[in-house]
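S.K.: Below: one structure in structure tokens.
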Amino acid sequence: NMKQQGLALLMYAQDYDGHLPLKSPGWMNSIRPYTKNEEMLHCPSLRFDEYGYAFDARMAGKNQKKLKNPDTVLLLLESTNTQKNALSSGEGFAPRHNERGNIVFADGHAKSLRSEQRADFNLKL
């Protein structure tokens, strides 16, 4: 799911001169046209009415093309905030899958991390 969300964010950025979604109307709302279905916005480990993913608020409106080292810049993370369009600043990492959680970087690649590895993904602009 998160890999697809990351790709949807990159497609969105392509259509908006490299800029990632703004905080409002919400990143999930913004990428919805780039997704196959609503289900990919929900973590399968949570209840059907929860989401479980957060967009790094520090990336809102940033030009993805101008990022230095986008392969080290946090874009999305599995989050303790389970609301739709959740935002984070790197906090609230939720390793829900056998003590591992997923993150997506600004270049679109995804990575699975153990909870003790979460300090490794500080935002680098």
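The values are calculated or read from the model by the stated rules, or taken from the named source; none is laboratory data. What you see is a predicted model; the values in this text were computed from it and never measured. Backbone-built Cβ (ideal geometry, glycine too); neighbour counts: all protein chains shown. These area figures cover heavy atoms from the full protein model, side chains too; ligands, DNA and RNA do not enter into them. Shrake-Rupley method; radii C 1.70, N 1.55, O 1.52, S 1.80 Å.
S.K.: Go ahead and set up a Gaussian network model of the chain, Cα springs under 10 Å, then flag whichever of ASN69, ASN98, ASN37 fluctuates most.
M.R.: With Cα springs under 10 Å in the chain, the top fluctuation among ASN69, ASN98, ASN37 is at ASN98.
S.K.: Moving on. Which one of PRO95, LEU67, SER24 is farthest out on the positive end of the charge dipole of the chain, using unit charges on Cβ (Lys, Arg +1; Asp, Glu -1) and the Cα centre as origin?
M.R.: Working it through, the farthest residue towards the positive pole turns out to be LEU67.
S.K.: With labels modelled as points extended 7 Å from the Cα through the Cβ direction, what inter-label distance (nm, one decimal) is found for ALA60 paired with LEU22?
M.R.: My value for the distance between the label points is 1.0 nm.
S.K.: Report which label in [x] 15.0; [y] 14.1; [z] 14.5 holds the value of Kirkwood radius over Cα pairs in Å derived from the coordinates of this structure.
M.R.: Of the listed options [x] 15.0; [y] 14.1; [z] 14.5, [y] comes from this structure.
S.K.: Give the residues of the stretch 40-83 whose amide nitrogen is closer than 15 Å to a point set 7 Å from the Cα of SER112 in the direction of its Cβ.
M.R.: Under 15 Å, as judged by backbone N against the label point of SER112, lie 44-45, 78 of the stretch 40-83.
S.K.: Give me the accessible area per residue for the chain, probe 1.4 Å, as a whole number in Å². Walk me through the numbers on the way to the answer.
M.R.: Working: 6660 Å² over 125 residues.
Accessible surface, normalised per residue, equals 53 Å².
S.K.: Rounded to a whole number, what % of the accessible area of the stretch 64-105 do carbon and sulfur atoms account for, probe 1.4 Å?
M.R.: Numbers: 880 of 2100 Å².
Its accessible area is 42 percent carbon and sulfur atoms.
S.K.: Would you mind computing, in nm to one decimal, how far apart the modelled labels at HIS97 and MET11 are, each placed 7 Å from Cα along Cα→Cβ?
M.R.: With each label placed 7 Å out from Cα toward Cβ, I get 2.0 nm.
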